[in-house]
Amino acid sequence: DYVSAPLGAHAAPSPPPAPSSPRQQQQPSAHSVQAPIIRRNAPAVGSSTTRGPSPLPPAAEANPFDDDEDKEGKEGSGEEEPWALADKMMELAPIFASYAPSQDGFLSGSAAKKALVETGVDKKVLRELWTLADMDKDGLLDLEEFTVAMQLIDDVRATSQVPDSLPAGYVPSGKRAMVA
């Protein structure tokens, strides 16, 4: 993680004299100049450009002692539960891709509507399901939202009922704040 700072042309040292004995080889010469040690990604010494500090990796921001006390057997330990629909999302990814999502990974409202109508579920029911599945309310469906919509369609087919709200396991971890 540490590298030697580059020396400018004006700071180039003169070469040390050739050692005459093995003892002199082990000791640094008075003429040698050691480059200062700096952190990688830091500006060079004498640099006129200023940069903010490099961001810390996420692991460095967490307290390493947070998980030591009382975590075993404790509910709400801060560990996220895996998304219940992760496997289904993998199955649906090729179908989602067949409706030509944007480069950003979203199906337009019209493309998503076509996909959902093709399931044969009544449009009034699909309207209710859309309200639940479009968690960020942007009128588009990403792969996670598409997966939720398709799972809700499967649920409606099995129970003939539209849920009032999304089951907690259907909400991907990255969208839990939107739905909470």
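Each value in this text was obtained by applying a stated rule to the coordinates, not by laboratory testing. All figures in this text were calculated on a predicted structure; none of them were measured in a lab. Cβ: placed from backbone, ideal geometry, glycine included. Neighbour counts: every protein chain shown.
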### Query
Using modelled amide H (1.01 Å from N, peptide plane; none on Pro or chain starts), what sits under 5 Å from the amide H of Asp142, excluding residues fewer than 5 places away?
Leu107
### Message
Starting from 0.36 nm per residue, how many nanometres of slack lie between Lys123 and Ala100 once their C-alpha separation is accounted for?
### Response
6.1 nm
### Message
Which of rounded, prolate or oblate describes segment 96-180 when judged by the alpha-carbon gyration tensor and an a/c cut-off of 1.5?
### Response
oblate
### Query
When you count, for each residue, the other Cβ atoms within 10 Å and take the mean per peptide, how do 122-132, 93-103 rank with the highest first?
122-132, 93-103
